Structures are given as structure tokens and as C-alpha cells.
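Peer 1: Okay, handing you the structure first.
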Amino acid sequence: MVSADAAKLLDELLHVIRDLFHYPHAAILLADEAGKWLFLEASRGYRKPGGRAFQIAIGKEGITGWVAAHRKPLVVSDVRKDPRYIQGIAHGRSEIAVPLLIGRRLIGVLDVESEKVGAFSRRDLRILSLFATQAAVAIENARLYQECKEAKDRLQKLIESSSDAITTADNRGRLVFWSKGAEDIFGYKASEVLGQSAAPFYAKGREEARRIMGQLVRKGQVKNIEVDYLGKDGRKIFASLSASLLRDEHGEVTGSLGIIRDITEFRVLSQQLLQSERLATIGRLSTQIAHEIMNPLSSIKMNIRILSKRGELSSNDRRRLEIANFEIDHLQKILQDIFDYSRTLELNLSREDVNEVLEKSLLMVQDRLEEKQVSVTKRFARKLPRVPMDLVRMMQVFTNLSLNAIQAVNRGGKVTVTTRLDRNVHGRSVQVTLADDGKGISPAQRPSIFEPFYTTRSDGTGLGLTIVKKIVEQHDGRIEVKSQEGTGTEFTVFLPLGTKASGFNEIGKSRRQ
Ligand SMILES: Nc1ncnc2c1ncn2[C@@H]1O[C@H](COP(=O)(O)OP(=O)(O)OP(=O)(O)O)[C@@H](O)[C@H]1O
Ligand SMILES: [Mg+2]
């Protein structure tokens, strides 16, 4: 089947044949790709093929079949005497058929019939042959045009359905094409960027754009290089770029084509994976070391205890043993922190009053508070619902946060502890905020404070906040930090009232009970 455009052209050709050259019965048959069949594509005054496509085997049947096979015109004065004849019009008596050729290539056959015997002269043959030459070119052009259009449509669909950004730029680096994928990734509509330079999209600036362009010109193409771009909202886009030079038919460079894949999500995920693998390794390693140290340390502690019970010790020696004992306690605390960090914690849940838990936790650090003359202001919300928690672990959270605050403030500093009930889309939670007016945390330190073994204190282990975060998250809660260098720090713990992990829901009792 020919396209609608081509069908119109064939129809018009037959029009000309009838009206200008006065042949009332004419048909155009087109050859298939393999050159085996002729298909009737348009006709005037011919029998209707009756729904079925009318086709003729080239070289095997029909006068048109012979003409197609021999690529020569043929006039048959009386079709009744020609066994090749296949009826075209109702009372056909004579026929003239001319091949439609582009050079030696067969496109089809132009066929004209008459109800009169010997209706066609040499003159008719000349006229129709001449006409056929022009018609063949027109038909072939229509076909080529259709092919181009289809190829263009296919390509267009392909480009528009790609989630990658596909762009082209001219020789001066000005954008000429900007795909739908590009609009999605960068946030700019084509109308906003066409005609502009692509250089400002490079997060590392024009230098980077120039460097990549240089590489492209030298090698003719670049493949999957990582480039950081900037989106319309200022967001950084981590991308993988493949680009090649575009050339015209003489091989002259006319511009460049770029395909940009957004790998931001992939990059973030792989960084997270790397980080968690690192943390897991640190965890494994430190637990192994902790295990190796734990037993000898217990034995040292026991021996010191035996020694200190001796009556004959001088007061100086007794003091030395006390210091040793104190240091061993400190070491054991570190080992315990390491175990807490690397072990999965088994929570022993009960419903607790957060205000009371805070009171108890502050009592634990009472000595330190007094030592540094730190004042504590309590802003507790009254009648808070009880929160499902592991009491011992949650006290560990609040003592750790209090100790950090005490360590951060100057002598006579202030710590404020606030509790409140919070309600948001995720449900209700109790919020505990510990604020201090200490030295604060710099923006550079900020990303590291929850990492294991990150400490800025000479006697710190750097496991305090790591464990705090782990315990809070095991309670389905989260922890946030706000800090200003030189002004103070504020840690807020959100504890949900109903948690999946706890087996508690907000209204009922434990599902495990
Ligand atoms: N309230 C705070 N004010 C200022 N800096 C803080 C505060 N809390 C934590 N930090 C910073 O975060 C770092 C990590 O804290 P974290 O509690 O994890 O370890 P640490 O206190 O150094 O050691 P430890 O394991 O003994 O708790 C601290 O060294 C400190 O630099
Ligand atoms: Mg600490």
C-alpha cells in the first residue's frame, strides 16, 4: 500500500492522462521491493478488483507483467489474440503498457486500455513513454519523501521518549536542539535555551566546557565521561556525557551532539553504600580488637583489686593503684561503647515518662554539672503521653547528649532541656531538645559528628553520638542538630508514640503482650 500522499499523486497522474491525453481507461501498477509482483495502486475506468488487491506476477502473466519483466513498452492491437492478456476494463480490445523506470530500476507499469481494436499508434507509445519517464521520477520522489518522513518521525519518537538529555549545538556552541529529556533533567524548556551557549550549565564553569570541547575536537567523540551540571533550580546534576561531532556530507564539522544521562541518584546511592561498607568494616575491626583487649583488661583489674587489698601498701602506692583502676574503668567504658556500636541492640521496651527519664539521666551527670558549674533549665511539657522505650538505652542517649553539652560549654555555662508533644503527618511524637551555649559545631565538622570514632576532644572516643543515633533510630525515632559556632548547639530527639519496631501502637498496649 502506498501512503496517502503517494495515492494522491497517482490519482493526479491518471487525471492528467485522462483529461490532457484523452485516455479514459488507465491504471498505474507498482512493483514490490523484490520485483516479483505488480500491485494495482490507482486506476480510471477499470473493473473494481472486488475488495481483493489486484496483483500480477511479473514475467508470468498479463501484458503489464511482460512489460515489467522486459522493461520495454508494448502495444497489443487485439487483446483477444494475446494469451498474456488479463482483463482490465469491461470490454477491452487493445492495450498499451509502458514501464515506469528510474534508470534501469523498475518502479511499476503504466497501463492504458481501449474498447476499440487497434486504438494505439506509435504516437501514443511516444507520448506515454515520455509521460512515464516524468511520472516515474515523481512517484520515486514521493516514495523517498515518505521514507524520509517516516524515518524522521521514528527518530523523533525515539529522541522524545528517551529520559536522557539529547542536545545538539552549532559550531559556535549555541544550542540548536534540546530534547524532552533535557527539559526534564535541567528544568529548562527548549524555548528558554535554544540559541544560547551551553557553557553556563557546566557546574565547574566555562573552563570545563572548553576542556571537554577540546577533547571532543581532538578525538571526534567522548564516551561516558562524568560531568557535573547545574539545573535551573541551582541543583547540581551528576551526569555521564557522551558526545560526538556532527558533520555535513562533505565531512565538514557543523556542530556537536551530546547525550547526557542523569546519574545523581546512582552517585548518591553508591556513596551511601561505600559509607555503610566502611562503617561495617570499622565496626567489625574494632569489635575484634575490643574482644582481644577485654579479657586481659579484666584480669589486670582483678589483680589490681587483689593488690590494693594488701595492708602493707604505702599511701603513694595505694594512690597509684587507684589511678590505674580509674583508667581501667575508662578503658572498659570505651570497649562497652564499641560493643554497643557494633552489636544489634535488643530493646527491652516499657512505656516511660520522658520527663522522668530526663531527670534520672541528669542525676547521672550531676557531678560533672557541679564540677563545671553548669546550670540546667528544664522546660518540661506537662502530661506527656508515655513513650515506648528501652529505659536503660534511652538514659544512655540523654546522658551522652548532656555530657557533650557539658564538655562544650565554658565554666558557668547553660544547658536547657525542653520536652514537647509534636504532631505531624507521620503521627505523634515526643520531642526532647538539649540546648547548650557552648562553642558550637562548625559547618565543616557537622557531617562527621555521628560517624564512629569522630572526636575533637583529646580524651574522647567519638562513639557517643554514633550510639545515640543508633539507639534513637532503633526506637523508630530520629535526631536533628542545629548549631552555630560560638553560640551553642541544639540536639533534638524525636520519639514516636507508636512504632513499628517496638510492637507498640499509640492507643493499645504492646502487640507482643
Ligand atoms: N553539644 C556539642 N557542642 C559542640 N560540639 C559537640 C557537641 N556534641 C558533640 N560535639 C562534637 O561532636 C564530636 C563527636 O561527639 P561524640 O559524642 O560522638 O564523641 P566525643 O564526645 O568526642 O567522645 P565520646 O565517645 O566520649 O562521647 C565531639 O568531639 C564534638 O566535636
Ligand atoms: Mg560524647
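The values are calculated or read from the model by the stated rules, or taken from the named source; none is laboratory data. All values derive from a computational prediction rather than experimental measurement. Cβ sites come from the backbone with ideal geometry, for glycine too, and all protein chains shown count toward neighbours.
Peer 1: Scanning the stretch 455-475 for residues that are more than 6 Å from ligand 1 (Cβ to nearest atom) and part of a loop (DSSP other than H, G, I, E, B), which turns out nearest to Asn348 (Cα to Cα)?
Peer 2: Step by step, filter the stretch 455-475, then rank; the result is His475.
Peer 1: Tell me, which residue of the stretch 462-487 that is within 16 Å of ligand 2 (Cβ to nearest atom), small (Gly, Ala, Ser) and in contact (Cβ under 8 Å) with a residue 40 or more places away in the chain is farthest from Val425 (Cα to Cα)?
Peer 2: Gly464
Peer 1: Return the residues of the stretch 411-454 that are assigned to a loop (DSSP other than H, G, I, E, B) and away from ligand 1 (no atom under 12 Å from the Cβ); say none if nothing qualifies.
Peer 2: Taking the stretch 411-454 first, the residues assigned to a loop (DSSP other than H, G, I, E, B) are 411-413, 425-426, 437-445, 449-454.
Selection gives Arg411, Gly412, Val425, His426, Pro443.
Peer 1: Assuming Gln431 fulfils every condition listed in (1) within 13 Å of ligand 2 (Cβ to nearest atom); (2) surrounded by fewer than 20 Cβ atoms within 10 Å (Cβ to Cβ); (3) in contact (Cβ under 8 Å) with a residue 12 or more places away in the chain apart from one, which condition is it?
Peer 2: With respect to (1) within 13 Å of ligand 2 (Cβ to nearest atom); (2) surrounded by fewer than 20 Cβ atoms within 10 Å (Cβ to Cβ); (3) in contact (Cβ under 8 Å) with a residue 12 or more places away in the chain, Gln431 is out only on (1).
Peer 1: Just checking, which of Leu369, Leu401 is within 16 Å of ligand 1 (Cβ to nearest atom), part of a helix (DSSP H, G or I), in contact with a Phe, Trp or Tyr (Cβ under 8 Å, 6 or more places away or on another chain) and at pLDDT 95 or above? Give the derivation first.
Peer 2: Values: Leu369 fails: in contact with a Phe, Trp or Tyr (Cβ under 8 Å, 6 or more places away or on another chain).
Result: Leu401 is the single residue among Leu369, Leu401 that is within 16 Å of ligand 1 (Cβ to nearest atom), part of a helix (DSSP H, G or I), in contact with a Phe, Trp or Tyr (Cβ under 8 Å, 6 or more places away or on another chain) and at pLDDT 95 or above.
Peer 1: Has the stretch 129-149 got at least one residue that is over 24 Å from Leu29 (Cβ atoms) and buried (at least 18 other Cβ atoms within 10 Å of the Cβ)?
Peer 2: Checking the stretch 129-149: not a single residue is over 24 Å from Leu29 (Cβ atoms) and buried (at least 18 other Cβ atoms within 10 Å of the Cβ).
Peer 1: Looking at Val387, is it farther than 30 Å from Ile282 by Cβ and within 16 Å of ligand 2 (Cβ to nearest atom)?
Peer 2: Details: farther than 30 Å from Ile282 by Cβ: yes; within 16 Å of ligand 2 (Cβ to nearest atom): no.
Answer is no for this residue.
Peer 1: I need the full set of residues from the stretch 293-322 which are surrounded by fewer than 11 Cβ atoms within 10 Å (Cβ to Cβ) and under 59 Å from the mean Cα position of the chain (by Cα), in order please.
Peer 2: Correct list: Asn295, Pro296, Ser299.
Peer 1: For the stretch 443-453, what are the residues that are of a type outside the set (A, V, I, L, M, F, W, C) and either under 17 Å from Ala405 (Cβ atoms) or within 10 Å of ligand 2 (Cβ to nearest atom) (or both)?
Peer 2: Within the stretch 443-453, the subset of a type outside the set (A, V, I, L, M, F, W, C) is 443, 445-448, 451-452.
Of everything in the stretch 443-453, those that are of a type outside the set (A, V, I, L, M, F, W, C) and either under 17 Å from Ala405 (Cβ atoms) or within 10 Å of ligand 2 (Cβ to nearest atom) (or both) turn out to be Gln445, Arg446.
Conditions tested, residue by residue: (1) in the same structural domain as Ala239 (by TED's automatic domain parsing); (2) among the charged types (D, E, K, R).
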{"position": "Ala135", "(1), (2)": "no, no"}
{"position": "Asp153", "(1), (2)": "no, yes"}
{"position": "Arg172", "(1), (2)": "yes, yes"}
{"position": "Asp184", "(1), (2)": "yes, yes"}
{"position": "Phe201", "(1), (2)": "yes, no"}
{"position": "Arg211", "(1), (2)": "yes, yes"}
{"position": "Gln215", "(1), (2)": "yes, no"}
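Peer 1: Only one of these is closer than 30 Å to Gly498 by Cα and of a type in the set (Lys, Arg): Lys378, Lys414, Lys439, Lys372. Name it.
Peer 2: Numbers: Lys414 fails: closer than 30 Å to Gly498 by Cα; Lys439 fails: closer than 30 Å to Gly498 by Cα; Lys372 fails: closer than 30 Å to Gly498 by Cα.
Among Lys378, Lys414, Lys439, Lys372, only Lys378 is closer than 30 Å to Gly498 by Cα and of a type in the set (Lys, Arg).
Peer 1: Report, ordered by the first and then the second residue, all pairs with beta carbons closer than 6 Å, sequence separation of six or more or different chains, a first member in the stretch 401-428 that is polar (S, T, N, Q), and a second member that is part of a loop (DSSP other than H, G, I, E, B) and within 16 Å of ligand 2 (Cβ to nearest atom).
Peer 2: That search, which allows pairs on different chains as well, returns Ser402/Val365.
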